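Structure first, commentary second.
Each value in this text was obtained by applying a stated rule to the coordinates, not by laboratory testing. The shown structure was predicted, so the numbers you read here are calculated from the model rather than taken from an experiment. Virtual Cβ from ideal backbone geometry, glycine too; neighbours counted across all protein chains shown.
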Amino acid sequence: MKNILVTGGAGYIGSHTTVELLESGYNVICVDNFSNSSEKVFDVINDLTGKQCTWYNVDVCNIEELNKIVAAHDVNCAVHFAGYKAVGESVEFPLMYYQNNINSTLSLCEVCLKNNVRSIIFSSSATVYGPPQYLPLDEKHSLSATNPYGNCKLFIEQILKDVNVAHPALNIALLRYFNPVGAHGSYRLGERPKGIPNNLMPYICQTALGVRQELRIFGNDYDTIDGTGVRDFIHVVDLAKGHVAAIKKMEADPGCFVYNLGTGNGTSVLELVNTFMEVNGVDVPYVIASRRVGDIAACWANPEAAKEHLGWEAQYTIEDMVRDSWEAQKALGVCT
Ligand code: UFG
């Protein structure tokens, strides 16, 4: 498996994964419509790796164009990141989310089957577990979703499982990410949300930078260590390496697999903010606000399956994560 198609390769997780793939000796062909990213990312990727990533400004929903690309590059494996990803926006514009996220997956599946692509790796999320019935979350936990973004992840997982039943030669890996943060150690790649960030780490970084006045901590009355929400923050480079491990696994052992990609450690919002201030020596003014609708109190992974079957384990600490997020934020600036 040498030629890897990466959809959404210019995005936050896609770009870091592309770097890891190139550094592991794979040829990478990226497809992105740049709806939430920039083509300049590929110059950085090529510069960092000293390799050439081939890329196309094509929408994955465009089945004819996608088919030409996959056929021309003799793709062996597709890593599917492309998709809308804002929970709040998905509640406001559900049809846009279903239309884009589901159709792009159907288009990718059809093209993969037509061209005998051997594997698809899908960028799923811990959101598919819904409110935790127990912690840590393992892959056997029941599945549910509470918003269109989460429904898309759930439906796509099911679509891919069904495709594997009908076409067992097409291997599937569903990777359920916990909360990705951090940035490449060069600080030339990172997370650059457009406008006001929804997620915690970009909001912390922009507040430290002075672009946002203060961070609102959504709730301090949860049943957690300090009352604030608890999440499993995972460094994006660890996450990226998880994809390389999944590709290697499927080369050796075909099938349909589901793995959590998390560290197994829960960190509270307040712990993260305090660590950020300590490690980086900057102030992050914050206020306690009311709970955010739809949030759960705590969520962290049981990462044992990925450790056992993929030989993959997260390496970066929370200190690494806050340092790298901040350094990349300073270096890359804010995307308005
Ligand atoms: N939070 C704040 N203030 C903010 C932003 C977030 O206090 O300004 C808190 C949230 O209330 C929550 C924690 O920080 O307790 C993490 O919130 P994020 O929005 O960063 O992340 P979520 O855990 O809500 O969601 C993330 C991804 C989803 C994914 C989910 C999987 O954004 O795409 O993890 O669990 F589905």
Worksheet, complete the sentence: Listed by chain and number, the residues whose amide H is under 5 Å from that of Asn265, excluding neighbours fewer than 5 places away on the same chain and using placed H, are Ala301
Practice prompt. Taking the Cβ of Leu261 as the centre, find all other residues whose Cβ is under 15 Å away and add up their charges (Lys, Arg: +1; Asp, Glu: -1).
Written response: -2
Worksheet, complete the sentence: Here the residues of the stretch 30-54 lying in the modelled label zone of Ala72, meaning backbone nitrogen under 19 Å from a point 7 Å along Cα-to-Cβ, are 30-34, 39-40, 42-43, 52-54
Practice prompt. Would you mind calculating the gained length between Gln99 and Asn57 on full extension (0.36 nm times residue separation, minus the Cα-Cα distance), in nm to one decimal?
Written response: 13.2 nm
Worksheet item: Rounded if a/c is under 1.5, else prolate if a/b beats b/c, else oblate: with a ≥ b ≥ c from the C-alpha gyration tensor eigenvalues square-rooted, which is the stretch 273-336?
Response: oblate
Item to complete: Could you check the simple spin-label distance between Lys330 and Glu313, using points 7 Å along Cα→Cβ, in nm with one decimal?
Response: 3.2 nm
Practice prompt. Two decimals is fine: what's Rg over Rh for the stretch 84-183, C-alpha atoms, Kirkwood radius as Rh?
Written response: 0.99
Worksheet item: Over the stretch 26-136, what number does the Rg to Rh ratio reach, with both radii from the alpha-carbon atoms and Rh per Kirkwood?
Response: 1.01
Practice prompt. Starting from the alpha-carbon convex hull of the chain, give the projected area averaged over all orientations, in nm².
Written response: 15.3 nm²
Item to complete: Pick out, in residue order, every one of the chymotrypsin sites (Phe, Trp or Tyr not before Pro) in the stretch 38-74 that is DSSP loop and has at most 16 other C-beta atoms within 10 Å; say none if there are none.
Response: none
Worksheet item: Which of the peptides 144-155, 186-197 is most tightly packed, and how do the rest follow, judged by the mean count of other Cβ atoms within 10 Å per residue?
Response: 144-155, 186-197
Fill in: Magnitude of the charge dipole, the chain, Cβ model with Lys/Arg +1 and Asp/Glu -1, debye to 20
480 debye
Practice prompt. Under 1.5 on a/c is rounded, so check that first for the stretch 259-307, then, if it is not, pick prolate when a/b is larger than b/c and oblate when it is not; a ≥ b ≥ c are the square roots of the alpha carbon gyration tensor eigenvalues.
Written response: oblate
Worksheet item: Which whole-Hz couplings ³J(HN,Hα) result when phi for each residue of the stretch 219-226 is put into the Karplus expression 6.51 cos²θ - 1.76 cosθ + 1.60, θ = phi - 60°, listed in order with x for Gly and Pro?
Response: x, 10, 10, 7, 7, 9, 3, 10
Worksheet item: Check Ile172: other-chain or 5+ apart residues with amide H under 5 Å from its amide H, H built from backbone geometry?
Response: Ile120, Gly255, Cys256, Phe257
Practice prompt. Please identify, among Arg216, Arg118, Arg176, the residue showing maximal mean-square fluctuation in a Gaussian network model of the chain using a 10 angstrom Cα cutoff.
Written response: Arg216
Worksheet item: Of Lys85/Lys248; Lys161/Lys194; Lys161/Lys307, which pairs sit farther than 25 Å apart, going by alpha carbon to alpha carbon?
Response: Lys85/Lys248; Lys161/Lys194
Practice prompt. Hey, could you get me the Stokes-Einstein D for the stretch 185-322, Kirkwood radius over alpha-carbon pairs, 37 °C and 0.692 mPa s, rounded to whole µm² s⁻¹?
Written response: 198 µm²/s
